[in-house]
Amino acid sequence: MNKNTKKRCRWANPNNTLYIQYHDHEWGVPTYDDQMLFELLILESFQAGLSWECILNKRAAFREAFDQFVVEKVSCYDERKVEELLGNAKIIRNRLKIKAAIQNANIFKLIQQEYGTFSHYIWHFTNGEVVYEIDQTRSSLSDIVSSDLKQRGMKFVGTTIIYSYLQAIGIIYSHEKDCFLYRTGEETSR
């Protein structure tokens, strides 16, 4: 089957190669690497009020601007770095989101200290299991994770953002029924 004729989730813009690559090879794939988990958490927080496609199109610029999302570096950003980021036309220039990224980096590190890795923390909410569901923008799981992150002091981690994050990192598997990647938990347990 030609790659371009595959049926995909409705949101995957077939005219955007970056989006197709993301949909086909990254979105919904269980992620355990702390650096990738941090990158996606920060990118999801920048998405608030915007489209994921907008963020994805700027992802390379975000990686460059945010030191490849190395949490130890981002957690040490000072006001001079904030101003530098605000002057970078290649990324989303929102002071609140930039400041939140720094604060969230510091809390991310505290969670790593408490759980050994952020991966252990985020996957403990489902005991390491993938949740299969479609057509939702929030759930009791995203409510719980969002609430816990907020209690710890993270910003831009509302339940809708966290639901999207959990989908991105593969804790929630949400490929639509018409998508060539659609599957259910029963199919994977065979």
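The values are calculated or read from the model by the stated rules, or taken from the named source; none is laboratory data. Nothing here was measured: the structure is a model prediction, and the numbers come from that model. To get the accessible areas, we keep the full protein, side chains included, count just its heavy atoms, and leave off ligands, DNA and RNA. Shrake-Rupley method; radii C 1.70, N 1.55, O 1.52, S 1.80 Å.
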### Task
Calculate how steeply helix 34-47 sits against the longest principal axis of the alpha-carbon atoms of the chain, using the helix alpha-carbon long axis, and give the answer as 0 to 90 degrees to the nearest 10.
90
### Task
Taking a cut-off of 14 Å between Cα atoms, list the aspartates and glutamates near Lys7, but don't count ones fewer than 8 places away on the same chain.
Asp24, Glu176, Asp178
## Note on the structure
the range 88-190, convex hull of Cα, quarter of hull surface, nm² -> 8.4
### Message
With every protein chain left in place and a probe of 1.4 Å, what is the accessible surface of Cys76, to the nearest 10 Å²?
### Response
100
### Task
Any chance you could give the angle, 0 to 90 degrees and rounded to 10, that helix 140-151 forms with the longest Cα principal axis of the chain?
10
### Query
Over all distinct Cα pairs, what is the inverse of the mean 1/r for the range 3-89, reported as the Kirkwood hydrodynamic radius in Å?
14.5
## Note on the structure
Links exceeding 30 Å between C-alpha atoms in this model, out of Lys73/Lys150; Lys58/Lys109; Lys58/Lys81; Lys73/Lys155, come to none
### Query
Taking the structure as given and computing log10 I(q)/I(0) by the Debye sum over Cα atoms at q = 0.11, 0.13 Å⁻¹, which label from (1) -0.62, -0.83; (2) -0.50, -0.69; (3) -0.71, -0.90 fits?
(2)
